[in-house]
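One structure is given here, and the rest of the page talks about it.
Any read-out appearing in this document is the output of simple, stated calculations on the displayed coordinates, not a laboratory observation. Remember, predicted model here, so these are calculated numbers, not experimental data. Here the Cβ positions follow ideal geometry from the backbone for every residue, glycine too, while neighbour counts run over all protein chains shown.
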Amino acid sequence: MSMTFVEKLLSNYAGEKNVVPGQIVTVHPDHLLTHDNTAAIIKKIEPELKKYGVFSKSLPIIVLDHVIPAASEKTSTNHKVIREFVKTHNIENFFDVGIGVCHQVVIEKGLGLPGKLLLGSDSHTCSYGAVGAFSSGIDRTEAASLMLTGETWLKVPDSIKIMLNGILKFGVYAKDVVLHIVGDISASGANYCSVEYHGDIDQFSIADRFTIANMGIEMGAKNSVFFVDAVTEIFLDSIGVSSSSYNPIFPDRDASYLQELEYDLSEIVPMIACPHTVDNVKPVAEISGLEIQQCLIGTCTNGRLSDLKVVADILKGKQVNSNVRLLILPASKDILEKALKAGIIETLIKSGGVLLPPGCGPCLGAHQGILAPGERCLSTANRNFKGRMGCKDAEIYLASPATVAASAIYGKIIDPREVMK
Ligand code: SF4
């Protein structure tokens, strides 16, 4: 029987010869990711934890990233509770304040690998499809139960095949591709589906694939995945992961899909998601000239070295507009160190950027760069819901790092190709 990626992977984990969409399977994931919300999760199972402990000390991956450094007594107390939990249960994979955004850390540390199954109490857990893993978000109650038992159930998703054909034009990036797709199929267009990317994929780095997989949830997908190729192998080798430590999974050629979509990459232009939904997408040129007060470069969507480099190349020798605050948020300490070494951070700061510690920063609206009523922020993040950056009377626009950098110079939204040419 021919199978898609997700059908093959879940049949492996369920110990079944084959599975079909809609079937419920019981699985033992390789890892469970939690972040600052670990405190709330372990609170749900306090008595059971005392009696039985965690299922396995290698199952959880805990990263403090959402509100770091702690912004209040409440958050610092939560962090303290989590550190005590980590010590008591000898949790192997714990990353304290300053290491980075959880999803970046999972990939960087080689914890999300091809053919593996990871679940996490964060909706952007779908990011690890960038390296050929099945990964998906679950809620906190499910995460609590998984922490104790090591087991959970999944409904086998239908699969959608997306063909990306052709070559991206100058000034157009992976973020524009995924915004274009979300705008086309809508925020619910891939609801509970496994999205597979096929076609001319070798032009996309792992950082690009991460950006696209990360936003799978913005089209409702259960997971989204790129298949292992030379780009993946070189990346994994660069972080010390040998090919003998993973088993890539590929769909069968004649696997059956709920839907097959095709995009000509050469026709895609810089795109922007307008308030207040991620699928309210337009070409950047259509809203050119709209004034902005804050720009954000970073988050798990676009805080990687290649993103910071694009921004530095555009800003070099120029100044951020005096009406704009440009916040720079490397996705991890490792990225920050590399950007420092390459002189990227110096360029960004000299141009007027404000450097924030590696983490989620203002993305979730809890601290660092909360917007005022009536303000507009142009961000490289993945969500622009009303109130997302802490103020329900502010507007958030989402675009590529190039669009954000170019617009920061003018204080107005602008197609980056106008600055880059
Ligand atoms: Fe969530 Fe934003 Fe943090 Fe990513 S950077 S994990 S989207 S809060």
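Structure data summary
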| quantity | calculated |
| --- | --- |
| Ascending count of other beta-carbon atoms within 10 Å, so fewest first, for VAL269, VAL6, VAL54 | VAL269, VAL54, VAL6 |
| Segment 122-227, Rg to Rh (Cα coordinates; Rh as Kirkwood inverse mean 1/r) | 1.01 |
| Shape call, the chain: gyration tensor on alpha carbons, a/c limit 1.5 | oblate |
| Fewest-first sequence of MET3, MET420 by Cβ atoms within 10 Å of each Cβ | MET420, MET3 |
| Percent of Cα pairs exceeding the 12 Å cut-off, where the set is segment 204-243 | 60 percent |
| Listed residues LEU111, TYR173, LEU148: farthest to the positive end of the dipole of segment 104-198 (Cβ charges) | TYR173 |
| Of all DSSP beta bridges in segment 189-336, antiparallel share, percent nearest 5 | 25 percent |
| Relative contact order [Cα under 8 Å, 6+ residues apart], segment 1-95, whole percent | 27 percent |
| Rounded to 5, percent antiparallel among DSSP beta bridges of the chain | 20 percent |
| Segment 58-155: relative contact order as a whole-number percent, Cα under 8 Å and 6+ apart | 23 percent |
| Shape call, segment 316-417: gyration tensor on alpha carbons, a/c limit 1.5 | oblate |
| Sequence of PHE204, PHE385, PHE134 once ranked by neighbouring C-beta atoms within 10 Å, starting from the fewest | PHE385, PHE204, PHE134 |
| 23 Å Cα-Cα threshold exceeded, pairs from LYS44/LYS116; LYS318/LYS421; LYS222/LYS392; LYS386/LYS412; LYS109/LYS316; LYS87/LYS338 | LYS44/LYS116; LYS222/LYS392; LYS109/LYS316; LYS87/LYS338 |
| Segment 308-375 and segment 195-271: distance between their alpha carbon centers, rounded to Å | 27 Å |
| Summed side-chain charge close to ILE268 - residues other than ILE268 whose Cβ falls under 11 Å, Lys, Arg +1, Asp, Glu -1 | -2 |
| Distance cut-off 18 Å, percentage of C-alpha pairs in segment 207-293 lying past it | 65 percent |
| Percentage relative contact order, segment 119-220, counting C-alpha pairs under 8 Å, at least six apart | 38 percent |
| Cα gyration tensor category, rounded, prolate or oblate, for segment 48-174 with a/c compared to 1.5 | oblate |
| Distance from segment 89-115 to segment 21-59 (C-alpha centre basis), Å | 16 Å |
| Helix-only mean residue ellipticity at 222 nm for the chain, each DSSP H run of n ≥ 4 adding -39500 (n - 2.57), per residue, nearest 500 | -8500 deg cm²/dmol |
